[in-house]
Amino acid sequence: MVAFLAAGLGAQIVELAPEHIHNGETLKIAVHGAARKARLAGQTVELFPQEDGSRFGLMPIPVLKKPGIYYLELLNENGTMVDSRPIRVENAHYPKQNIVISRKIASLKPSPGEQETVGAFRKAVSPVRYWREPFEPPVPGCLTSLFGVRRLHNGRPTGDFHAGVDQRGAAGTPIHPIAAGVVKIVQKWNLRGGTVAVDHGQGVESIYLHMESFAAKEGDHVTTSDVLGYIGSTGRSTGPHVHWSLYVNGVPDNPGQWMKLEACPAAPKRPRRKAK
Ligand SMILES: [Zn+2]
(Lines give C-alpha, C1' and ligand atoms only; values in the text may rest on other atoms or scores of the structure.)
Protein backbone atom coordinates (compact mmCIF):
# COMPACT_ATOMS: atom_id res chain seq x y z
CA MET A 1 0.00 0.00 0.00
CA VAL A 2 2.73 2.40 1.00
CA ALA A 3 4.71 1.40 -2.07
CA PHE A 4 1.64 2.02 -4.24
CA LEU A 5 1.15 5.53 -2.84
CA ALA A 6 4.82 6.29 -3.23
CA ALA A 7 4.65 5.14 -6.82
CA GLY A 8 1.63 7.35 -7.41
CA LEU A 9 3.45 10.45 -6.19
CA GLY A 10 6.95 9.82 -7.38
CA ALA A 11 8.37 7.09 -9.57
CA GLN A 12 7.91 8.14 -13.15
CA ILE A 13 9.46 6.46 -16.08
CA VAL A 14 10.24 9.41 -18.30
CA GLU A 15 11.65 9.30 -21.81
CA LEU A 16 12.69 12.54 -23.44
CA ALA A 17 13.73 13.06 -27.07
CA PRO A 18 15.74 14.35 -28.78
CA GLU A 19 18.82 14.24 -26.57
CA HIS A 20 20.01 17.62 -27.91
CA ILE A 21 17.27 20.21 -28.25
CA HIS A 22 17.50 23.66 -29.84
CA ASN A 23 15.25 26.70 -29.75
CA GLY A 24 12.52 26.22 -32.37
CA GLU A 25 12.30 22.47 -31.77
CA THR A 26 10.00 20.20 -29.79
CA LEU A 27 10.76 18.04 -26.78
CA LYS A 28 8.88 14.73 -26.99
CA ILE A 29 7.81 13.47 -23.58
CA ALA A 30 6.76 9.86 -22.92
CA VAL A 31 5.74 8.99 -19.35
CA HIS A 32 4.66 5.95 -17.39
CA GLY A 33 3.32 7.21 -14.06
CA ALA A 34 1.02 9.78 -12.51
CA ALA A 35 2.04 12.73 -14.68
CA ARG A 36 -0.82 14.28 -16.68
CA LYS A 37 0.72 17.58 -17.77
CA ALA A 38 4.19 18.97 -18.41
CA ARG A 39 5.38 22.54 -17.80
CA LEU A 40 8.47 24.38 -18.98
CA ALA A 41 9.15 28.11 -18.61
CA GLY A 42 5.48 29.03 -18.25
CA GLN A 43 4.14 26.77 -21.01
CA THR A 44 1.95 23.85 -19.90
CA VAL A 45 1.06 20.98 -22.24
CA GLU A 46 -1.21 17.98 -21.98
CA LEU A 47 0.19 14.43 -21.75
CA PHE A 48 -2.31 12.35 -23.71
CA PRO A 49 -3.07 8.68 -22.97
CA GLN A 50 -1.64 6.34 -25.63
CA GLU A 51 -2.75 2.87 -26.70
CA ASP A 52 0.11 1.19 -24.79
CA GLY A 53 -0.97 2.74 -21.46
CA SER A 54 1.71 5.43 -21.45
CA ARG A 55 1.19 9.19 -21.78
CA PHE A 56 2.74 11.31 -24.47
CA GLY A 57 3.04 15.04 -25.00
CA LEU A 58 4.93 17.66 -26.99
CA MET A 59 6.74 20.61 -25.41
CA PRO A 60 7.61 23.25 -27.99
CA ILE A 61 10.68 25.43 -27.35
CA PRO A 62 9.95 28.79 -29.05
CA VAL A 63 12.43 30.17 -31.60
CA LEU A 64 12.96 33.30 -29.48
CA LYS A 65 13.63 31.32 -26.26
CA LYS A 66 17.11 32.10 -24.94
CA PRO A 67 19.45 29.10 -24.96
CA GLY A 68 20.21 27.84 -21.45
CA ILE A 69 18.96 25.49 -18.74
CA TYR A 70 15.22 25.17 -18.11
CA TYR A 71 13.29 22.80 -15.86
CA LEU A 72 10.72 20.44 -17.28
CA GLU A 73 8.14 19.84 -14.54
CA LEU A 74 5.71 16.93 -14.63
CA LEU A 75 2.38 17.53 -12.91
CA ASN A 76 -0.20 15.03 -11.70
CA GLU A 77 -3.97 15.50 -12.05
CA ASN A 78 -4.03 17.81 -9.01
CA GLY A 79 -1.34 19.99 -10.54
CA THR A 80 1.24 18.76 -8.01
CA MET A 81 4.77 18.40 -9.35
CA VAL A 82 5.80 14.73 -9.39
CA ASP A 83 9.07 15.04 -11.28
CA SER A 84 11.45 17.69 -12.59
CA ARG A 85 14.32 17.44 -15.06
CA PRO A 86 16.84 20.00 -16.27
CA ILE A 87 16.68 20.62 -20.02
CA ARG A 88 19.53 22.32 -21.84
CA VAL A 89 18.23 24.36 -24.78
CA GLU A 90 21.02 24.82 -27.32
CA ASN A 91 21.28 27.70 -29.77
CA ALA A 92 20.03 26.81 -33.26
CA HIS A 93 21.81 29.88 -34.74
CA TYR A 94 19.08 30.76 -37.21
CA PRO A 95 20.44 33.05 -39.94
CA LYS A 96 19.09 36.40 -41.18
CA GLN A 97 17.41 36.80 -44.55
CA ASN A 98 16.49 39.90 -46.49
CA ILE A 99 13.36 39.81 -48.62
CA VAL A 100 12.86 42.31 -51.42
CA ILE A 101 9.17 43.12 -51.72
CA SER A 102 7.26 45.77 -53.61
CA ARG A 103 5.47 48.54 -51.73
CA LYS A 104 2.14 47.16 -52.92
CA ILE A 105 2.84 43.75 -51.36
CA ALA A 106 4.37 45.25 -48.20
CA SER A 107 1.24 47.31 -47.56
CA LEU A 108 -1.21 44.37 -47.78
CA LYS A 109 -3.50 44.17 -44.75
CA PRO A 110 -5.08 40.98 -43.43
CA SER A 111 -8.69 40.20 -44.36
CA PRO A 112 -11.33 40.79 -41.67
CA GLY A 113 -11.13 37.78 -39.33
CA GLU A 114 -7.94 36.40 -40.92
CA GLN A 115 -5.68 36.86 -37.88
CA GLU A 116 -8.42 35.84 -35.42
CA THR A 117 -9.26 32.63 -37.30
CA VAL A 118 -5.62 31.54 -37.44
CA GLY A 119 -5.15 32.53 -33.78
CA ALA A 120 -8.11 30.40 -32.69
CA PHE A 121 -6.88 27.49 -34.82
CA ARG A 122 -3.43 27.64 -33.18
CA LYS A 123 -4.93 27.80 -29.72
CA ALA A 124 -7.15 24.74 -30.16
CA VAL A 125 -5.74 21.37 -29.01
CA SER A 126 -7.84 18.31 -29.85
CA PRO A 127 -7.49 14.96 -28.03
CA VAL A 128 -7.67 12.46 -30.93
CA ARG A 129 -4.27 11.67 -32.46
CA TYR A 130 -4.34 11.25 -36.23
CA TRP A 131 -0.62 11.80 -36.87
CA ARG A 132 2.25 9.40 -36.79
CA GLU A 133 5.87 9.73 -37.76
CA PRO A 134 7.51 10.22 -40.10
CA PHE A 135 5.76 13.30 -41.49
CA GLU A 136 6.00 13.84 -45.23
CA PRO A 137 6.84 17.03 -47.13
CA PRO A 138 3.66 18.49 -48.72
CA VAL A 139 5.36 18.93 -52.13
CA PRO A 140 8.63 17.52 -53.53
CA GLY A 141 10.45 20.87 -54.07
CA CYS A 142 13.50 22.20 -52.24
CA LEU A 143 13.35 24.99 -49.62
CA THR A 144 13.82 28.56 -50.83
CA SER A 145 13.52 29.88 -47.27
CA LEU A 146 14.27 28.01 -44.08
CA PHE A 147 12.49 28.00 -40.74
CA GLY A 148 13.49 30.46 -38.02
CA VAL A 149 15.40 32.98 -40.13
CA ARG A 150 15.21 36.57 -38.87
CA ARG A 151 13.37 38.47 -41.54
CA LEU A 152 14.28 41.81 -43.01
CA HIS A 153 12.01 43.44 -45.57
CA ASN A 154 13.99 45.52 -48.07
CA GLY A 155 16.86 45.68 -45.58
CA ARG A 156 14.70 46.71 -42.64
CA PRO A 157 14.44 44.29 -39.69
CA THR A 158 10.82 43.23 -39.16
CA GLY A 159 11.49 42.01 -35.59
CA ASP A 160 9.96 38.76 -36.73
CA PHE A 161 11.21 35.38 -37.86
CA HIS A 162 10.10 32.99 -40.57
CA ALA A 163 7.57 30.80 -38.77
CA GLY A 164 7.52 28.12 -41.46
CA VAL A 165 9.31 27.06 -44.62
CA ASP A 166 8.93 28.09 -48.26
CA GLN A 167 9.00 25.24 -50.71
CA ARG A 168 9.50 25.71 -54.42
CA GLY A 169 7.01 24.31 -56.90
CA ALA A 170 5.32 25.16 -60.18
CA ALA A 171 1.87 26.75 -60.03
CA GLY A 172 -0.74 23.99 -59.93
CA THR A 173 1.47 21.43 -58.10
CA PRO A 174 -0.72 19.40 -55.67
CA ILE A 175 -0.14 20.07 -51.96
CA HIS A 176 -0.58 17.13 -49.54
CA PRO A 177 -0.95 17.30 -45.74
CA ILE A 178 2.26 16.36 -43.87
CA ALA A 179 0.29 13.79 -41.83
CA ALA A 180 -3.28 12.57 -41.41
CA GLY A 181 -5.75 14.94 -39.79
CA VAL A 182 -8.94 16.99 -40.09
CA VAL A 183 -9.20 20.09 -42.32
CA LYS A 184 -10.14 23.09 -40.15
CA ILE A 185 -9.65 26.09 -42.45
CA VAL A 186 -10.19 26.59 -46.20
CA GLN A 187 -10.11 30.34 -46.91
CA LYS A 188 -9.03 32.94 -49.45
CA TRP A 189 -7.31 35.73 -47.50
CA ASN A 190 -5.46 38.97 -48.30
CA LEU A 191 -2.17 38.16 -46.56
CA ARG A 192 -1.99 34.38 -46.60
CA GLY A 193 -3.83 33.99 -49.90
CA GLY A 194 -5.48 30.60 -50.47
CA THR A 195 -5.09 28.91 -47.08
CA VAL A 196 -5.74 25.39 -45.80
CA ALA A 197 -5.13 24.38 -42.18
CA VAL A 198 -5.13 20.83 -40.79
CA ASP A 199 -5.43 19.62 -37.20
CA HIS A 200 -3.42 16.40 -36.75
CA GLY A 201 -4.48 16.00 -33.12
CA GLN A 202 -2.82 16.07 -29.68
CA GLY A 203 -1.21 19.44 -30.30
CA VAL A 204 0.10 19.01 -33.87
CA GLU A 205 -1.25 21.34 -36.57
CA SER A 206 -0.15 22.52 -40.01
CA ILE A 207 -1.12 25.38 -42.33
CA TYR A 208 -0.43 25.87 -46.07
CA LEU A 209 -0.56 29.28 -47.77
CA HIS A 210 -0.66 31.10 -51.13
CA MET A 211 -2.69 28.37 -52.86
CA GLU A 212 -4.12 28.98 -56.30
CA SER A 213 -7.15 26.72 -55.70
CA PHE A 214 -8.49 24.14 -53.24
CA ALA A 215 -9.17 20.40 -53.37
CA ALA A 216 -10.36 19.95 -49.75
CA LYS A 217 -13.14 21.46 -47.68
CA GLU A 218 -13.51 22.16 -43.97
CA GLY A 219 -14.32 19.01 -41.98
CA ASP A 220 -12.61 16.63 -44.41
CA HIS A 221 -10.59 13.80 -42.85
CA VAL A 222 -7.38 13.63 -44.87
CA THR A 223 -4.27 11.46 -45.15
CA THR A 224 -0.93 12.16 -46.83
CA SER A 225 -2.25 10.73 -50.10
CA ASP A 226 -5.03 13.35 -50.28
CA VAL A 227 -4.65 16.74 -51.96
CA LEU A 228 -5.47 19.93 -50.03
CA GLY A 229 -5.04 22.36 -52.90
CA TYR A 230 -2.57 23.58 -55.52
CA ILE A 231 0.53 25.79 -55.43
CA GLY A 232 -0.13 29.41 -56.33
CA SER A 233 1.13 32.90 -55.57
CA THR A 234 -1.89 34.44 -53.85
CA GLY A 235 -1.67 36.82 -50.86
CA ARG A 236 1.72 38.23 -49.79
CA SER A 237 3.80 36.24 -52.24
CA THR A 238 6.23 37.15 -55.00
CA GLY A 239 6.04 33.91 -57.02
CA PRO A 240 4.56 30.41 -56.99
CA HIS A 241 5.55 28.50 -53.82
CA VAL A 242 3.96 26.98 -50.78
CA HIS A 243 4.69 28.51 -47.40
CA TRP A 244 3.74 26.05 -44.71
CA SER A 245 4.04 26.01 -40.96
CA LEU A 246 4.00 23.30 -38.33
CA TYR A 247 2.52 24.27 -34.98
CA VAL A 248 3.14 22.28 -31.82
CA ASN A 249 0.70 23.24 -29.09
CA GLY A 250 0.30 26.57 -30.86
CA VAL A 251 4.02 27.35 -31.23
CA PRO A 252 5.74 27.46 -34.66
CA ASP A 253 8.12 24.52 -34.81
CA ASN A 254 11.05 23.58 -37.05
CA PRO A 255 9.65 21.02 -39.54
CA GLY A 256 13.21 19.79 -40.15
CA GLN A 257 12.95 17.93 -36.86
CA TRP A 258 10.12 15.81 -38.27
CA MET A 259 11.13 15.11 -41.87
CA LYS A 260 13.98 15.43 -44.32
CA LEU A 261 13.91 18.76 -46.18
CA GLU A 262 16.58 19.95 -48.59
CA ALA A 263 17.50 23.62 -48.99
CA CYS A 264 17.64 24.78 -52.61
CA PRO A 265 21.17 25.34 -53.86
CA ALA A 266 22.07 28.99 -53.42
CA ALA A 267 21.69 31.04 -56.59
CA PRO A 268 25.07 31.62 -58.26
CA LYS A 269 26.31 35.14 -57.54
CA ARG A 270 26.25 37.43 -60.56
CA PRO A 271 29.76 38.53 -61.50
CA ARG A 272 30.32 42.13 -60.48
CA ARG A 273 30.41 44.54 -63.38
CA LYS A 274 32.56 47.61 -63.35
CA ALA A 275 30.57 50.82 -63.22
CA LYS A 276 30.60 52.59 -66.54
ZN1 LIG B 1 7.24 31.71 -46.04
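The values are calculated or read from the model by the stated rules, or taken from the named source; none is laboratory data. Please read all numbers here as calculations on a predicted model, not as lab measurements. Here Cβ is always computed from backbone atoms with ideal geometry, including for glycine, and neighbour counts include all displayed protein chains. With ligands, DNA and RNA removed, areas are computed over all heavy atoms of the protein, side chains included. Shrake-Rupley method; radii C 1.70, N 1.55, O 1.52, S 1.80 Å.
Quantify, in whole percent, the carbon and sulfur part of the accessible surface of the chain (1.4 Å probe; protein heavy atoms only). Each step should come with its number before you reach the end.
On the way: 7970 of 14910 Å².
Carbon and sulfur: 53 percent of the exposed surface of the chain.
Of ALA179, PHE161, PRO138, which is farthest on the positive side of the dipole of the stretch 128-182, counting Cα position, with +1 on Lys and Arg Cβ, -1 on Asp and Glu Cβ, and the Cα centre as origin?
Ranked along the dipole, the leading option is PHE161.
Viscosity 1.002 mPa s, temperature 20 °C: what is the translational diffusion coefficient of the stretch 121-189 from Stokes-Einstein with a Kirkwood Rh over Cα pairs, rounded to a whole number of µm²/s? Provide the component values of the computation, followed by the final result.
On the way: Rh = 15.0 Å.
Answer from the Stokes-Einstein relation: 143 µm²/s.
Near ARG129, within a Cβ-to-Cβ distance under 14 Å, what is the net charge of the other residues, with Lys and Arg +1 and Asp and Glu -1?
Values: positive: LYS28, ARG55, ARG132; negative: GLU46, GLU51, ASP52, GLU133, ASP199, GLU205.
Around ARG129, the charge tally is -3.
To the nearest 20 debye, what is the magnitude of the charge dipole of the chain about its Cα centre, counting +1 on the Cβ of each Lys and Arg and -1 on the Cβ of each Asp and Glu? Could you put the intermediate results ahead of the total?
Details: 33 positive and 24 negative charges, 419 e Å.
With Lys and Arg at +1 and Asp and Glu at -1, about 2020 debye.
Once phi is turned into θ = phi - 60°, what whole-Hz ³J(HN,Hα) does the Karplus curve with 6.51, -1.76 and 1.60 give for every residue of the stretch 151-157, x standing for Gly and Pro?
Along the stretch 151-157, the couplings run 8, 10, 9, 6, x, 9, x Hz.
Restricting to the chain, compute how many DSSP beta bridges are antiparallel as a %, nearest 5.
On the way: 67 of 74 bridges.
That works out to approximately 90 percent antiparallel.
Pick out, in residue order, every one of the GluC sites (Glu not before Pro) in the stretch 73-120 that is DSSP loop and has at most 14 other C-beta atoms within 10 Å; say none if there are none. Walk me through the numbers before you get to the answer.
On the way: sites: GLU73, GLU77, GLU90, GLU114, GLU116; in loops: GLU77.
Of the GluC sites (Glu not before Pro), the ones in loops of the stretch 73-120 whose Cβ has at most 14 other Cβ atoms within 10 Å are GLU77.
At a temperature of 4 °C and a viscosity of 1.567 mPa s, determine how fast the chain diffuses translationally according to Stokes-Einstein, using the Kirkwood radius over alpha-carbon pairs as Rh; express D in µm²/s, rounded to the nearest whole number.
Values: Rh = 20.2 Å.
Value of D from the Cα-based Kirkwood radius: 64 µm²/s.
If you wrap a convex hull around the C-alpha atoms of the stretch 119-262 and split its volume per residue, what is the figure in Å³?
About 102 Å³ per residue, rounded to a whole number.
Amide H neighbours of SER237 under 5 Å, at least 5 residues apart or on other chains, H built in the peptide plane: list them.
none
Which ³J(HN,Hα) values, rounded to whole Hz and listed in residue order, are derived for the stretch 229-244 from phi using the Karplus coefficients 6.51, -1.76 and 1.60 in 6.51 cos²θ - 1.76 cosθ + 1.60 with θ = phi - 60°, glycine and proline given as x?
Values, residue by residue: x, 10, 4, x, 9, 8, x, 7, 8, 10, x, x, 6, 10, 8, 9 Hz.
Restricting to DSSP loop positions (anything but H, G, I, E, B) with no more than 14 other Cβ atoms inside 10 Å of their own Cβ, which GluC sites (Glu not before Pro) remain in the stretch 171-276? The partial results should precede the final answer.
Values: sites: GLU205, GLU212, GLU218, GLU262; in loops: GLU212, GLU218, GLU262.
Passing both the DSSP loop test and the Cβ count: GLU218, GLU262.
Can you tally the net charge around ARG151? Count Lys and Arg as +1, Asp and Glu as -1, for every other residue whose Cβ sits under 15 Å from the Cβ of ARG151. Display every interim value, and only then the final one.
Values: positive: LYS96, ARG150, ARG156, ARG236; negative: ASP160, ASP166.
Charge balance in the 15 Å sphere: +2.
Could you work out which residue, out of PRO265, PRO240, PRO140, moves most in a Gaussian network model of the chain, that is, has the largest mean-square fluctuation with Cα springs under 10 Å?
The residue with the greatest mean-square fluctuation here is PRO265.
Ignoring solvent entirely, what values of log10 I(q)/I(0) come out of the Debye formula for the stretch 49-146 at 0.13, 0.15 Å⁻¹ when each Cα is a single scatterer?
-0.94, -1.19
Tell me the relative contact order for the stretch 148-194 as a rounded percent, counting alpha carbon contacts under 8 Å between residues six or more apart. Don't jump to the answer; show the numbers that get you there.
Details: 24 pairs, mean separation 9.6, N = 47.
Relative CO of the stretch 148-194 lands at 20 percent.
Could you report the stretch 139-252's accessible area per residue, 1.4 Å probe, as an integer in Å²? Don't skip to the end; give the middle numbers.
Values: 4100 Å² over 114 residues.
That works out to 36 Å² for each residue.
For the stretch 37-48, just list the computed ³J(HN,Hα) in residue order, Karplus coefficients 6.51, -1.76 and 1.60, θ = phi - 60°, integers in Hz, with x standing in for Gly and Pro.
Using θ = phi - 60°, the values come out as 9, 10, 9, 8, 6, x, 9, 10, 10, 7, 9, 8 Hz.
With all protein chains present, calculate the accessible area of ILE29 using a 1.4 Å probe and round the result to the nearest 10 Å².
It works out to around 0 Å².
Pull up all non-local amide H partners of LYS184: gap of 5 or more, or a different chain, and H-to-H distance under 5 Å with H placed in the peptide plane.
Under 5 Å from the amide H of LYS184 lie the amide H atoms of ALA197, VAL198, ASP199, GLY219, each far enough along the sequence or on another chain.
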